[in-house]
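Undergrad: Once you've had a glance at the structure underneath, I'll fire off some questions.
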Amino acid sequence: MNEHFETEAIRGQIERSSHREHAVPVYLTSSFVFESADHARALFADEVEGAIYSRYSNPNVDEFIQKLAKLEGCETGVATASGMAAMFAGLASFLNAGDHVVASRALFGSTHQILTQILPRWGVEHSYVNPSDEAGWKAAIRPSTRMLMAETPSNPGLALVDLEFLGNLAKEHGLLLNIDNCFATPYLQNPAQYGADIVTHSATKFIDGQGRVLGGAVLGSREVIDKVKFFARQTGPSMSPFNAWVLSKSLETLAVRMERHCENALAVATHLQKNPKLSAVNYPFLESHPQVKLAKRQMRHGGGIVTLELAGGYTAGTQFLDALDMITLSSNLGDSRSIATHPASTTHSKLSNEERAAVNITPGLVRISVGLETVEDIIADIDQALERVG
Ligand SMILES: *Cc1c(COP(=O)(O)O)cnc(C)c1O
């Protein structure tokens, strides 16, 4: 954990311009001026540092990614236009035809689609394992395996993987370890500390925190990130300077926002445990979570997401959403506004019933991204909606 998290998130900004502005301005420019032909040559030869073209780098994008890398305990990174652009870059920069990936079964819907629908067209194979099945992880490794991949806690099932176990396994077999740290954010958990080589984020979620912009990041050592930089420079999934400016400002408040998201989420989860309309309440820091010990070992707090299982199944799940007054129905998460979604009918509707069951997405599962509103108001809205479920 970074002991100067808040200070570095706030003070890690780029140098002032000659205008002596306090807040960093937005550098809306597609390219940068060369001082001479030789300066241009030296920039392209990597002999000197500096921006060339905003597909490669831009002061706002650099500020965002350097701050985020520091908060994750990584050397450097690449910022991308969305979380999925980061996911794809983190895979495509390293995998060749014939390579094999061992992945946790509990992956974000689109990441699952990349592994099952896109990469196989280019000869990259994968095997899925249950996130907590240590013997399964070991057994799935083949001579052609190149990468281990997981998301922890997972979206939306809140399953955890043991980062220390995976870090050691990857090291032992000389494999790359790729972790999607979107749900935890660098404030709650730092996978690089356990040996993750590639740490990916959807910055759209808690990092932005106010549901305004899309963004993503791939973080790691200079050696690893050089490969991602090459891939991203040529294929162009660049983050816009404006989005980088927004996200860089967001990092300044990440620690205080996460403290409150987690406090509110724990209060909501604790309160709902006794509700008869629910067959389960899942939250990593509830004593009833099957991996609570692991959660407390590798996370600072339990995160901002709570999932509820409505005893009445699919129909009760959709009735509950329609009965909410304040909480928004939207597919984002990590927003200051609380949001509810029903994965079985939306984000995970493309999975088969068996695939959903394998990652704990039951027909009555509702995901609540607990926001920053007054916690009593969040609880009151959920309570009244549950009362109206038949
Ligand atoms: C949202 C999300 C993504 C994708 O991010 P986008 O910014 O929407 O492209 C990837 N992984 C997880 C865990 C997510 O929640």
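Undergrad: Pick from 347, 235, 318: which residue has the top mean-square fluctuation in a GNM of the chain where Cα pairs under 10 Å get a spring?
TA: Evaluated over the chain, the most mobile residue of the options is 235.
Undergrad: Under 19 Å from a point 7 Å along the Cα-to-Cβ line of residue 6: which residues of the range 364-390 have their amide N that close?
TA: 372
Undergrad: Here is a follow-up. Return the percentage of antiparallel bridges among DSSP beta bridges fully within the range 70-218, rounded to the nearest 5 %.
TA: Bridges in the range 70-218 are about 25 percent antiparallel.
Undergrad: If you don't mind, another one. From a point 7 Å beyond the Cα of residue 270 in the direction of its Cβ, which residues of the range 299-343 have a backbone N at a distance under 13 Å?
TA: Only 302 pass the distance filter.
Undergrad: Which residues does a label at residue 230 reach in the range 85-108, if reach means a backbone N under 16 Å from a point 7 Å past the Cα toward the Cβ?
TA: 89-97
Undergrad: Also: If you take every DSSP beta bridge whose two residues both sit in the chain, what share of them, in percent to the nearest 5, is antiparallel?
TA: Just about 55 percent of them are antiparallel.
Undergrad: Now for a different question. Just the number: Rg to Rh for the range 174-299, Cα atoms, Kirkwood Rh, two decimals.
TA: Rounded to two decimals, Rg over Rh is 1.04.
Undergrad: For the chain, set up a GNM with springs between Cα atoms under 10 Å and report which of 32, 320, 183 has the largest fluctuation.
TA: Of 32, 320, 183, the Gaussian network model singles out 32 as fluctuating most.
Undergrad: Multiply the residue gap between residue 165 and residue 97 by 0.36 nm, knock off their C-alpha separation, and tell me the result in nm, one decimal place.
TA: 21.7 nm is the gain from fully extending residue 165 to residue 97.
Undergrad: Straight distance only, please: which aspartates and glutamates reach the Cα of residue 171 with their own Cα at less than 13 Å, same-chain residues fewer than 8 apart left out?
TA: Candidates past the 8-residue exclusion: 197.
Undergrad: Continuing with this model, one more query. Just in the range 182-256: which trypsin sites (Lys or Arg not before Pro) are loop by DSSP and have at most 15 other Cβ atoms within 10 Å?
TA: Listed in order of number, the matching sites are 212.
Undergrad: At 20 °C and 1.002 mPa s, what whole-number value in µm²/s does Stokes-Einstein give for the translational diffusion of the range 300-349, with Rh from the Kirkwood sum over Cα pairs?
TA: Stokes-Einstein gives a translational diffusion coefficient of 179 µm²/s.
Undergrad: Okay, next question. Return a whole-number percent for the relative contact order of the chain, with Cα pairs under 8 Å and 6 or more residues apart as the contact set.
TA: Rounded, it is 17 percent for the chain.
Undergrad: Given R₀ = 22 Å, FRET efficiency for residue 55-residue 14 by Cβ-Cβ distance, to 0.05?
TA: 0.70
Undergrad: Within the chain, what is the longest stretch that has no GluC sites (Glu not before Pro) placed in a DSSP loop and near at most 14 other beta-carbon atoms within 10 Å?
TA: Working: sites that count: 3, 15, 21, 35, 47, 49, 287.
The answer is 50-286.
Undergrad: OK, next. Residue 173 to residue 75: extension gain in nm, 0.36 nm per residue of separation minus the Cα-Cα distance? Could you put the intermediate results ahead of the total?
TA: Working: separation 98, 0.36 × 98 = 35.28 nm, distance 2.32 nm.
Length gained, residue 173 through residue 75: 33.0 nm.
Undergrad: With θ taken as phi - 60° and the coefficients 6.51, -1.76 and 1.60, list the Karplus ³J(HN,Hα) couplings across the range 22-39 in order, rounded to whole Hz; mark glycine and proline as x.
TA: Listing the rounded values in order: 7, 8, 5, x, 8, 8, 7, 8, 7, 9, 10, 8, 8, 6, 6, 4, 6, 4 Hz.
Undergrad: For the chain, what does the helix formula give at 222 nm: sum of -39500 (n - 2.57) over DSSP H segments with n ≥ 4, over the residue count, nearest 500 deg cm²/dmol?
TA: -11500 deg cm²/dmol
Undergrad: Gain in length, residue 32 to residue 256, computed as 0.36 nm per residue apart minus the alpha-carbon separation, to one decimal in nm?
TA: Gain on extension, residue 32 to residue 256, equals 77.1 nm.
Undergrad: What do you get for the angle between helix 59-72 and the principal long axis of the chain? Use alpha-carbon atoms, 0 to 90 degrees, nearest ten.
TA: Helix 59-72 and the main axis of the chain meet at about 60 degrees.
Undergrad: Which entries in the list 67/229; 70/249; 277/350; 138/229; 227/249 go over 23 Å, if you measure between the two C-alpha atoms of each?
TA: 277/350; 138/229; 227/249
Undergrad: Right, here's the next one. Return the aspartates and glutamates within reach of residue 293: Cα separation strictly under 18 angstrom, same-chain partners fewer than 8 residues apart disregarded; answer none if there are no such residues.
TA: Filter leaves 133, 134, 151, 162, 164.
Undergrad: Another question about this same structure. Alpha carbon centre of the range 287-353 versus the range 55-99: separation in Å?
TA: Spelled out, the Cα-based centre of one part sits 28 Å from the other.
Undergrad: Okay, next question. Can you work out the base-10 log of I(q)/I(0) for the range 254-387 at q = 0.18 1/Å, using the Debye formula on its C-alpha atoms alone?
TA: Debye output, listed in q order: -1.00.
Undergrad: Still on this structure, I have one more. Can you give me the Kirkwood hydrodynamic radius for the chain, using every pair of distinct Cα atoms, in Å to one decimal?
TA: Evaluated on the chain, it is 21.6 Å.
Undergrad: How far is helix 222-235 tilted off the main Cα axis of the chain, in degrees rounded to 10, range 0 to 90?
TA: Taking the Cα atoms of the chain, the angle to 222-235 is about 90 degrees.
Undergrad: Another one. Who wins for biggest fluctuation among 358, 295, 23 in a Gaussian network model of the chain, springs between alpha carbons below 10 Å?
TA: 23
Undergrad: Sticking with this structure for a sec: Across the range 287-297, in residue order, what do the Karplus-derived ³J(HN,Hα) couplings come to in whole Hz, using 6.51 cos²θ - 1.76 cosθ + 1.60 with θ = phi - 60° and x for Gly and Pro?
TA: These are the phi-based 3J(HN,Hα) values: 4, 7, 5, x, 10, 4, 5, 4, 4, 6, 6 Hz.
Bear in mind these aren't lab numbers, they're just calculated from the coordinates by the rules spelled out. In this text the structure is predicted, and so the values were computed from the model without any measurement. Here the Cβ is made from the backbone with ideal geometry for all residues, glycine too, and neighbour counts use every protein chain on show.
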